[in-house]
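Inspection log for the structure reproduced underneath, given as structure tokens.
Read-outs: derived from the displayed coordinates by stated rules, not from any lab. Since this is a predicted model, take the numbers as computed values, not measurements. Please note: Cβ atoms are built from the backbone with ideal geometry, for glycine as well, and neighbour counts cover all protein chains shown.
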Amino acid sequence: MDRPLFNAAAALQFVVNGQAGHGDADATREAIEAGLRESGRTGTVHFAAPGELSRVARDAAAQARADGSAVVAVGGDGTINTVAQAAHAAGCTMGVIPRGTFNYFAREHGAPTETADALRWLLDARPEPVQISAINEQVFLVNASLGLYPDLLQDRETWKARFGRSRLVAFGAGMATLLRAQRRLKLSIEWDKELHEVRTLTLFVGNNRLQLEQLGLGDPGEQAEGAAADGHITAVILKPIGTLAMLGLMLRGALGQLGDASGIERIVCQSLVVQPRQLMRRRKVKVAFDGEVAWMTAPLNIRVLPHPLWLLRAAQ
């Protein structure tokens, strides 16, 4: 896919996951519009009501493509994922203004976390190609998984609704999920043209160098062969282990030392095909991608896509 046309003077299309008229959403609109006026640039802010984010993102991406502009995701990793899916399909440039808890994708590419700062950074940026991966036809920018990890994400949302959004709440939800983990997966996984039969609590596939480095699974500061975003993804298989060993792994992850743990297997590859052995053909399996959870039909084809996502990035 060729570099999309990009006219810096064209109106940007901002997609916000929220309803206009809410205090936080209105403050976001005001910050974006004030920043645009200050810079002499133009743009349109689109608010997506619950259940409408995909449609709004597709419409905004189509408009950005027609104008030679960019569609800008304003939100966390899930919102950014939805807009990336639309931008990649439309063949237009994309930008990000992070507003989530972890913001792995935005942080990896240097975006500030404050809305006003992120907008100023965005307005000085130019399109650059970045790696994008997919599980079946669903793109992901940070990670995809099945098994224990999707359960963890669902528990985390329940905890957030009850206790609020914070990294401490996310950590507590993760602890609760791991302590009651019982389900074992039997998977047939093909990579590098070889078929492997594995038993695991979860299969986690990372596409984001920053997250992998924080877990101790990456190559900090290096653009080495086999690193995420260098034409490869990193798959992590969590072996069935006891509760105490599980807590030890969680501690290692928090300390960025998972790469040295004996309870995991790490695979660096460009693609893998996953077939849960317990499922009958055409049965669906619960998967997670960039913080979202959905059901997909097996086998699962997880791969680096051949065409990049064109992302607005300021010079480093």
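Shown for 36, 12: other C-beta atoms within 10 Å of each C-beta, ranked fewest to most, produce the order 36, 12.
Annotation: amide H of residue 140 within the under-5 Å range of 133, 134, 135, sequence separation 5 or more or interchain, hydrogens built in the peptide plane. Taking 0.36 nm per residue of separation and subtracting the Cα-Cα distance, full extension of the segment from residue 38 to residue 294 would add 88.1 nm.
Here the label points at residue 8 and residue 55, each 7 Å from Cα along the C-beta direction, are separated by 3.7 nm in the simple model. Phi-derived couplings, Karplus 6.51 cos²θ - 1.76 cosθ + 1.60 at θ = phi - 60°, listed residue by residue for segment 202-211: 7, 10, 10, 10, x, 10, 10, 4, 4, 5 Hz, with x used for Gly and Pro. Computed from phi, the 3J(HN,Hα) profile of segment 33-42 under the Karplus parametrisation 6.51, -1.76, 1.60 (θ = phi - 60°) reads 5, 5, x, 5, 4, 4, 8, x, 9, 10 Hz, with x in place of Gly and Pro.
Annotation: for a label point projected 7 angstrom from Cα along Cα→Cβ of residue 117, residues of segment 22-54 with backbone N closer than 20 Å are 27-36, 38-39.
Subtracting the Cα-Cα distance of residue 128 and residue 192 from their residue separation scaled by 0.36 nm leaves 20.1 nm.
Which peptide among 45-53, 136-144, 81-89 comes first, and what is the full order, when sorted by highest mean count of other Cβ atoms within 10 Å? Display every interim value, and only then the final one.
On the way: 45-53: 16.6, 136-144: 21.9, 81-89: 24.6.
Ranking, from highest mean packing down: 81-89, 136-144, 45-53.
Averaging the sequence gap over all C-alpha pairs within less than 8 Å and six or more residues apart, then dividing by the number of residues, gives segment 16-81 a relative contact order of 36 percent. Short-range pairs are left out: with C-alpha atoms under 8 Å and at least six residues apart, the relative contact order of segment 12-124 is 26 percent.
Going by neighbour counts of Cβ atoms within 10 Å, the residues 296, 94 line up, fewest first, as 296, 94.
Taken about its Cα centre, segment 1-101 carries a charge dipole of roughly 220 debye when the Cβ of each Lys and Arg holds +1 and the Cβ of each Asp and Glu holds -1. For residue 69, nonlocal amide neighbours, meaning residues 5 or more places apart or on other chains whose placed amide H falls under 5 Å from its own, are 7. Each of 62, 78, 97 was placed along the dipole of segment 1-135 (beta-carbon charges, centred on the mean Cα), and the one lying farthest toward the positive end is 62.
Among rounded, prolate and oblate, which fits segment 1-131 when a ≥ b ≥ c are the square roots of the eigenvalues of its C-alpha gyration tensor, a/c under 1.5 means rounded, and a/b larger than b/c means prolate? Since a/c stays below 1.5, the shape of segment 1-131 is classed as rounded. Our note on the geometry: Cα centres of segment 101-128 and segment 28-47, 15 Å apart.
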